[in-house]
Amino acid sequence: MLTLAKYIKLAALLLGCLILSGSGNQRGTIDFWHVLNSKANVSQSYWHFSSYFTAHLEQLPDSMLVKLARLSIPLAQYIYSLRLLEGDHLNTAKIYWGSAVSELPNEHREVLAQHLLARSRWGDLAFLNDNNFLPEGATKEYLKLELGVNHNKVSSAFVSELGFASLGDDIKPKPHCLFNVLTMSNHRSGLNKLDELIAIYNQTPEPHKNVFCFSKPVYVAGAVQCGLNENQAARCEMQTIAHTNLSFDDFDFKIMMPRHGTANVTNDTMHINSTATYPVFLHELMHFNGFEDEYVLPQAKQAWLCTQRGYVAPNLYISDDGHRPKGWHKAKSCQKGGVAYKPSENWSIMEYQQLGLSDQYRALWLNHLDIVKADLKRAPRGATSINIGVKSEQIK
């Protein structure tokens, strides 16, 4: 701590240097030192030596920097907003950078955008983009993916750098796998979620290794139209993809991941939204091999499924006379028509996804795949989807 005598001596020395040199820069240095060490008025000093202060604003503590930011000095607003962002004071930060951004050079706008990207402030990034304040570069490409901009307007090189595929890429199935699955999404979160789900699956493949192989997630925005059906289930129309070089015929199944809608499988296509958990993904994957839901089915499905008799799925048997496989128990699937039976007395993954796959249902799945493999030996590869059902001779 400076004593009064030492302070006077130091001030005199600095003043002497100032007189001898006559340098405006040194005068700014002295004033800046006073601001930092003797609590001189930062606002007044800034206006006297704005060039020097502008070059050294980052050295100011928050308590002083905010005073300049409140005077609508763009660079001070910018630097202070970055500090607020780093402290996760996101909305307060927007007050400052929002006022300054029109006056900032592109290099500062890019740094600001990177901070916003790191905190997933997509709305703020969209604001910058809409007002032509978002420079060209990686952050802008990230935003395009998040917003689902048409695939033709997103850099395929950038998509590839992220580990994903574009519609123009040559995507081939893996011949060593029983089923090849083409995965697609129309937005960034969907691509990331697919990547996450595939990685989890590959750590412990179900029901065993080389049953399902998944493509890199393909960015298909603009080539699909997604919405919800009357039951709020996700639905995407993908006819436009047929006009690209991506061939559905090379794959046994498809997964499309939109933003919204409940998960479902129709024929050879799974729709699952980008907030889905892995157990939901595995549940829907089992639908690819013919497994049915053990909770109450939609009325429209009951109208045709529950009128059938015998095995309608690896895990569902329908009877109207009480006859059922040994050890099977009533299921909730059919509320009209015949009575549905399931293998497990307790809940399973086909009734409550969060339970995960039990040993009993894994064995049931493997048994069913033996039948599928036998069918594939007798049928063309493209006929996979008609061979995933359960044959009537399985009834015992």
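The values are calculated or read from the model by the stated rules, or taken from the named source; none is laboratory data. All values reported here derive from a predicted model rather than from experimental measurement. Counting neighbours? That spans all protein chains shown, and the Cβs are built from the backbone with ideal geometry, glycine included.
Things worth noting here:
- Filter result (surrounded by 13 or more Cβ atoms within 10 Å (Cβ to Cβ), touching a residue at least 24 places away in the same chain (Cβ under 8 Å) and under 18 Å from Leu125 (Cα atoms)) within the range 60-97: Tyr78, Ser81, Leu82, Leu85, Leu90, Lys94, Tyr96
- Selected residue (criterion: surrounded by the fewest Cβ atoms within 10 Å (Cβ to Cβ)) from residues of the range 177-228 that are part of a loop (DSSP other than H, G, I, E, B) and free of Cβ contacts under 8 Å to residues at least 12 places away in the same chain: Thr204
- The residues of the range 256-276 that are part of a loop (DSSP other than H, G, I, E, B) and touching an Asp or Glu at 6+ places or on another chain (Cβ under 9 Å), listed by number, are Ala263, Asp268, Ile272, Ala276.
- Taken over the range 137-153, residues that are surrounded by fewer than 17 Cβ atoms within 10 Å (Cβ to Cβ) and of a type in the set (Lys, Arg) amount to 1.
- Selection count where residues are in contact with a strand residue (DSSP E or B) (Cβ under 8 Å, 6 or more places away or on another chain) and over 18 Å from Leu194 (Cα atoms), scope the range 117-155: 1
- Number of the exception - Phe179 against (1) out of contact with any Leu (no Cβ under 8 Å at 6 or more places or on another chain); (2) among the aromatic types (Phe, Trp, Tyr); (3) outside the structural domain of Cys213 (by TED's automatic domain parsing): (3)
Listed here are the residues, each with its yes/no results for (1) of a type in the set (Val, Ile, Thr); (2) over 26 Å from Gly148 (Cβ atoms).
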| site | (1), (2) |
| --- | --- |
| Lys209 | no, yes |
| Ile241 | yes, no |
| Asn264 | no, no |
| Gly290 | no, yes |
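- The set of residues in the range 299-315 that are over 34 Å from the mean Cα position of the chain (by Cα) and under 17 Å from Met286 (Cα atoms) comprises Tyr311, Val312.
- For the residues Asn180, Asn192, Asn131, the requirement of being within 19 Å of the chain's Cα centre (by Cα), among the polar types (S, T, N, Q) and at pLDDT 95 or above singles out Asn192.
- Search result, residues across the range 229-255 that are farther than 23 Å from His176 by Cα and not in a loop (DSSP other than H, G, I, E, B): Ala233, Ala234, Arg235, Cys236, Glu237, Gln239, Thr240, Ile241, Ala242, His243
- Enumeration of residues in the range 157-170 that are surrounded by 13 or more Cβ atoms within 10 Å (Cβ to Cβ), over 16 Å from Val224 (Cβ atoms) and at pLDDT below 95: Asp169
- The sole residue among Glu196, Glu206, Glu141 that is outside the structural domain of Asp252 (by TED's automatic domain parsing) and among the charged types (D, E, K, R) is Glu141.
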